[in-house]
Amino acid sequence: PIYQLLVGVALGAFVGLRREIDNQKQKHAVFMGFRTMALMSTFGVVSTLFDSMSYLPAVCFAGLMTFLAIAYANGAFRMNMIGMTSELCAVFMFWIGVLVGYEQVILAIILTVLIGSLNAFKEELHGFAKTIRPKEWVGALQLLMVSGAILPFLPREPIDPMGILVPFNIWFLVIM
């Protein structure tokens with residue numbers, strides 16, 4: 001359990017640190033930063049430590065959602081702060097902690113890197129979105145729809161004598 005708690009704290013602190021850095025640059029008080037994200041992921045780990053109460057993560061999640069709904073309402077109505085990134089990060093960090101508690105550390109790390117990246121590249125992502133025209137987005141959607149229909153049916157074994165050409169992998173590369 002100590003290893004799991006340390007990993008949970010570290011993953012939450014990683015995401016929270018980036019949020020804290022951004023918020024210090026803006027010089028205003030924030031709802032969630034370094035400590036809060038570390039506590040959210042630790043809360044997720046702790047909810048899994050009691051084997052006799054397998055329902056505890058769901059109960060803790062319900063309590064967390066109640067807390068976040070109150071915090072969001074306070075921010076939206078009192079401070080006129082519209083947005084849910086902090087709240088969604090908290091939800092994800094809780095479930096990342098649960099994954100760590102259930103010894104799914106690799107998946108937890110991958111999700112943490114993904115969430116950290118989305119937080120770190122906020123400005124770049126908004127800038128990228130401004131450059132995309134609706135016609136381009138529809139084209140990408142059409143490619144994904146066709147790919148989603150074709151990809152599951154492609155062979156996953158090589159079709160050439162040298163064992164190099166795997167249709168599934170080739171089409172997956174085309175999608176990427």
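The values are calculated or read from the model by the stated rules, or taken from the named source; none is laboratory data. Here the structure is a predicted model, which is why all the values come from computation and not from measurement. Reconstructed Cβ throughout: ideal geometry from the backbone, glycine too, with neighbour counts over all protein chains shown. Quick note on the areas: whole protein, heavy atoms, side chains included, nothing else; ligands and nucleic acids left out. Shrake-Rupley method; radii C 1.70, N 1.55, O 1.52, S 1.80 Å.
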Task: Cβ pairs under 8 Å, 6+ apart, first in region 89-110 and on the phi > 0 side of the Ramachandran plot and among the small types (Gly, Ala, Ser), second open to solvent by 10 Å² or more (accessible area, probe 1.4 Å) and in a helix (DSSP H, G or I) - done: none
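Which one of 83, 44 is within 24 Å of residue 2 (Cβ to Cβ), of a type outside the set (Asp, Glu) and either in contact (Cβ under 8 Å) with a residue 40 or more places away in the chain or not in a helix (DSSP H, G or I) (or both)?
Working: 83 fails: within 24 Å of residue 2 (Cβ to Cβ).
That would be 44, the only listed residue that is within 24 Å of residue 2 (Cβ to Cβ), of a type outside the set (Asp, Glu) and either in contact (Cβ under 8 Å) with a residue 40 or more places away in the chain or not in a helix (DSSP H, G or I) (or both).
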Task: Residues that are assigned to a helix (DSSP H, G or I), among the aromatic types (Phe, Trp, Tyr) and over 10 Å from the mean Cα position of the chain (by Cα), drawn from region 86-121 - done: 94
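So, in region 142-156, of the ones that are in a helix (DSSP H, G or I) and among the hydrophobic types (A, V, I, L, M, F, W, C), which residue ends up farthest from residue 170 (Cα to Cα)?
Applying the first criterion (in a helix (DSSP H, G or I)) to region 142-156 yields 142-153.
In the following step, the residues that additionally are among the hydrophobic types (A, V, I, L, M, F, W, C) were identified as 143-146, 149-151, 153.
On the way: 143: 15, 144: 15, 145: 17, 146: 15, 149: 15, 150: 12, 151: 10, 153: 13 Å.
Within region 142-156, the match that is farthest from residue 170 (Cα to Cα) is 145.
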Task: Where residue 69 falls short, out of the listed (1) more than 16 Å from the chain's Cα centre (by Cα); (2) closer than 16 Å to residue 115 by Cβ; (3) among the aliphatic types (A, V, I, L, M) - done: (2)
TODO: Search region 47-75 for residues being β-branched (Val, Ile, Thr) and without any contact (Cβ under 8 Å) to a residue 24 or more places away in the chain, and hand back the single one that is most open to solvent (accessible area, probe 1.4 Å).
DONE: 70
Task: In region 16-41, residue surrounded by the fewest Cβ atoms within 10 Å (Cβ to Cβ) [restricted to those that are outside any helix (DSSP H, G or I) and in contact with a helix residue (DSSP H, G or I) (Cβ under 9 Å, 6 or more places away or on another chain)] - done: 29
